[in-house]
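The values are calculated or read from the model by the stated rules, or taken from the named source; none is laboratory data. Keep in mind the model is a prediction, meaning the values are calculated, not measured. When we count neighbours, we look across all protein chains shown, and the Cβ atoms used for this are built from the backbone with ideal geometry, even at glycine. Heavy atoms of the whole protein, side chains included, go into the accessibility calculation; ligands, DNA and RNA do not. Shrake-Rupley method; radii C 1.70, N 1.55, O 1.52, S 1.80 Å.
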Amino acid sequence: MKIAVCVKQVPDSWAEKKMVNGLLDRVNVDAVLNDLDEYAVEEALRIAEAHGGNEEGGANTVTVISMGPERATEAVRKALSMGANDAILITDTALAGADALATSAVLAKVIGDGGYDIVICGTESTDARMSVVPAMISARLGWGQLTFASKVTVDPAGKVSITRVTEAGVDEISAAFPCVISVVEKINEPRYPSFKGIMAAKKKTIEQRDLATVGISSQSAWSQVNDATPRPPRAAGVKVTDEGNGGQALVNFLAEKKLI
Amino acid sequence: MSNVFILADFSGDKASKITAELATAGARIGAVTAVVFADAGKGAALAATVNQGPITNVLIVESDDFAKHGVPAVADALANLIKSKTPAAVLIASHAFGKEVAARVAVLTESGIITDAVDVSADATATQLVFGGSTTVHSKVSHGTPIITVRPNSIEADLTSATPAIDNASAEIGDAAKLSAISSSQPPVKGGRPELTEANIVVSGGRGTNGDFAAVENFADSLGAAVGASRAATDAGWYPHSHQVGQTGKTVSPQLYVACGISGAIQHRAGMQTSKSIIVVNKDPEAPIFDIADFGVIGDLFNVLPQATAGISAKKS
Ligand SMILES: Cc1cc2nc3c(=O)[nH]c(=O)nc-3n(C[C@H](O)[C@H](O)[C@H](O)COP(=O)(O)OP(=O)(O)OC[C@H]3O[C@@H](n4cnc5c(N)ncnc54)[C@H](O)[C@@H]3O)c2cc1C
Ligand SMILES: Nc1ncnc2c1ncn2[C@@H]1O[C@H](COP(=O)(O)O)[C@@H](O)[C@H]1O
């Protein structure tokens, strides 16, 4: 099987984030592999391992696909050190400020041209928090959509079944190859890259493509930020130590604020 | 006057509160048509519950493909309706299902998309709270039909009763929307308490409950609140996953959020820090959740909550 995993480099969740000219300042902030995408990499590796492995020349390959600035190689390298075979990084100055629609168009083109059987995504990038790219890729490619999976079962003959978990309940869904999967964080426990994995990743290929190589023209974003204003920080709250009447103090606070 | 579509949202077989919230926002832009997608023969009964808020029309589309194929089928039908009826904007509830429908509709209609709006103005400008609620952003779609998903419980709904005109429409569902097949569906288990994303008050328990949610539930019931949980609590199986609040759970924004025995990891805060008021009960004075608390009690939740519950009951009687 040819498996693709979509990973994104995002600002560290703990880092303070700022907007510059209506866009997230991605330069002056620590960047990491989107932690929800680690579950996607792990699931891809587990699927490969359950069906003959992904050693060189073996039955399966796991390719990491990412769109982002050149420094996104760090995040891609992490996915490689977990055990993915190779990677494609789409980098082009024209992509700065791309929205989810443009991102999904680029990813879909690369995926469609790569001849993959399945593509696995995280459910959400922790910076944009949109949860839309996997569904967009599915719509663009005309591939089956198997998203929010808490369990994935692959029949290498060409069928995938998942358990979908959302606020709307639990569904059992299946689709034939090729299809787009996204996985929730309950699905597995991502492995830590081993020393051997980290060393091996240094030798793995990260193929960089610009838009011309991808064969797609850049699309400007279809929504714009008019303005961004920091909200006043929460006023420092009141803190009391329970010395036998903490519960009553809580009730008094509720009454004072007219919350009861 | 222009026309606005909202995707009617249901909880079981009744329109949920977000439907009226979407209608309230939509009415600022134009006359609101609520689109109802239903199994064959079920549309009229569902549509009859879409009777709150400024809704002028209800459009029923029936097909068994919606239950069989889920998001892609609904998105295809909605996209085709948008192409034929050209609404000025489309508003959809911001949950997993709604966002995925919006995502596909945006692709199919070549339209810009904005997710997680907390407000929408008359010119379809959306307000969003980003970076953990620390920044307010106003954005606007500049191409195609604005597709906007709106967070439940963000807009004060006009709940006047509506008597919309009800029509039926058919909408084409293409083969590409039928590639994934749903073989079984289990709706979430509903308890007697308010729905988490709709509640005015949410009381949540974490690892500090040590698996015993009775004190949290009793306190929640004294306030008529919904019960939430941290991932530590849902992972341990102490509370159902559907009650998880946070980045990979639900985003809530109630009038009051009470975090009990929860440390305040960034992934938890991502789902609750835009709550209007936050109260914390935690025995560790250093717990990061205190940083965002309006009122915090440093103490054992097994002492503090029962006393607070009794205090509230005493006030009521
Ligand atoms: C990819 C990813 C996604 C995640 N998504 C989510 C998510 O959606 N939601 C979420 O909540 N977490 C999420 N997490 C987990 C998150 O990082 C934390 O591990 C989790 O929120 C911790 O839960 P907790 O606060 O209940 O437990 P802990 O961090 O263990 O905190 C327990 C707190 O209870 C206090 N306590 C103990 N006993 C008592 C007592 N008797 N009385 C009062 N206080 C007491 C302690 O002082 C402590 O502060 C995610 C993590 C990852 C990696
Ligand atoms: N720039 C990107 N490069 C590669 N994958 C991405 C990118 N953006 C989003 N994705 C994938 O889509 C998922 C959902 O992202 P989003 O819709 O942005 O919340 C992520 O978890 C990734 O798997």
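Some points to look at:
- Any chance B:Ser275 is open to solvent by 10 Å² or more (accessible area, probe 1.4 Å) and touching a strand residue (DSSP E or B) at 6+ places or on another chain (Cβ under 9 Å): no
- Some residue of region A:246-255 being open to solvent by less than 50 Å² (accessible area, probe 1.4 Å) and not in a helix (DSSP H, G or I): no
- Under the condition of being within 16 Å of ligand 1 (Cβ to nearest atom) and basic (Lys, Arg), the residues counted in region A:94-130 number 1.
- Selection within region A:131-189 - out of contact with any strand residue (DSSP E or B) (no Cβ under 7 Å at 6 or more places or on another chain) and within 16 Å of ligand 1 (Cβ to nearest atom): A:Ser131, A:Glu185, A:Asn188, A:Glu189
- Odd one out for B:Ser277, checked against (1) more than 7 Å from ligand 1 (Cβ to nearest atom); (2) facing chain A (nearest Cβ under 9 Å); (3) over 17 Å from A:Lys239 (Cβ atoms): (3)
- Among residues of region B:114-135 being among the aliphatic types (A, V, I, L, M) and more than 7 Å from chain A (Cβ to nearest Cβ), the one that is farthest from A:Ala108 (Cα to Cα) is B:Ala122.
- Counted as qualifying within region B:38-99 are the helices (runs of 4 or more DSSP H) with 1 or more residues that are open to solvent by less than 10 Å² (accessible area, probe 1.4 Å), namely B:43-47, B:71-85.
- Any hit, region A:43-53, residues being modelled with pLDDT of 95 or more and within 16 Å of ligand 1 (Cβ to nearest atom): yes
- Filter result (of a type in the set (A, V, I, L, M, F, W, C), assigned to a loop (DSSP other than H, G, I, E, B) and under 17 Å from A:Met136 (Cβ atoms)) within region A:87-110: A:Ala98
- Some residue of region A:231-244 being at pLDDT 95 or above, touching a strand residue (DSSP E or B) at 6+ places or on another chain (Cβ under 6 Å), part of a loop (DSSP other than H, G, I, E, B) and over 30 Å from B:Phe295 (Cβ atoms): no
- Every residue from region B:213-253 that is crowded, with 22+ Cβ neighbours inside 10 Å, at the interface with another protein chain (Cβ under 10 Å from one of its Cβ atoms) and over 22 Å from the mean Cα position of the chain (by Cα): B:Phe219
- Selection status of B:Ile166, in contact (Cβ under 8 Å) with a residue 12 or more places away in the chain and in a strand (DSSP E or B): yes
- Within region A:226-240, being free of Cβ contacts under 8 Å to residues at least 12 places away in the same chain and surrounded by 12 or more Cβ atoms within 10 Å (Cβ to Cβ) holds for A:Arg231, A:Arg234, A:Gly237, A:Lys239, A:Val240.
- Filtered residue count, region A:90-115, keeping only those that are open to solvent by 20 Å² or more (accessible area, probe 1.4 Å), aliphatic (A, V, I, L, M) and in contact with a Leu (Cβ under 8 Å, 6 or more places away or on another chain): 3
- Hits in region A:95-107 - residues which are more than 10 Å from ligand 2 (Cβ to nearest atom) and either touching a Ser or Thr at 6+ places or on another chain (Cβ under 9 Å) or more than 12 Å from chain B (Cβ to nearest Cβ) (or both): A:Ala96, A:Gly97, A:Leu101
- Those residues of region B:254-267 which are more than 16 Å from ligand 2 (Cβ to nearest atom), within 11 Å of another protein chain (Cβ to nearest Cβ) and surrounded by fewer than 23 Cβ atoms within 10 Å (Cβ to Cβ), in sequence order: B:Gln255, B:Leu256, B:Ala265, B:Ile266
- Listed by position, the strands (runs of 3 or more DSSP E) inside region A:116-225 whose residues that are surrounded by 20 or more Cβ atoms within 10 Å (Cβ to Cβ) and facing another protein chain (nearest Cβ under 9 Å) number at least 2 are A:144-155, A:159-166, A:169-176.
- Of all residues in region B:112-162, those being outside any loop (DSSP other than H, G, I, E, B), over 18 Å from B:Ala89 (Cα atoms), touching a residue at least 40 places away in the same chain (Cβ under 8 Å) and of a type outside the set (A, V, I, L, M) number 1.
- Here region B:1-33 is the region considered, the condition is being assigned to a loop (DSSP other than H, G, I, E, B) and charged (D, E, K, R), and the residue that is farthest from B:Ala48 (Cα to Cα) is B:Arg28.
- On inspection, A:Val32 does not qualify as within 19 Å of the chain's Cα centre (by Cα) and buried (at least 23 other Cβ atoms within 10 Å of the Cβ).
- Some residue of region A:125-134 being within 13 Å of ligand 2 (Cβ to nearest atom), over 14 Å from A:Cys6 (Cα atoms) and basic (Lys, Arg): yes
- Residue check for B:Thr251: in contact (Cβ under 8 Å) with a residue 12 or more places away in the chain and within 16 Å of ligand 2 (Cβ to nearest atom): yes
- Looking only at region B:201-212, and only at residues there that are open to solvent by 10 Å² or more (accessible area, probe 1.4 Å) and out of contact with any Asp or Glu (no Cβ under 9 Å at 6 or more places or on another chain), the one that is nearest to B:Trp238 (Cα to Cα): B:Gly211
- Residue match in region A:62-73 (condition: at pLDDT 95 or above, touching a Pro at 6+ places or on another chain (Cβ under 8 Å) and open to solvent by 10 Å² or more (accessible area, probe 1.4 Å)): no
- When region B:169-179 is limited to residues that are over 25 Å from A:Trp222 (Cα atoms) and not in a loop (DSSP other than H, G, I, E, B), the one that is most open to solvent (accessible area, probe 1.4 Å) turns out to be B:Asp175.
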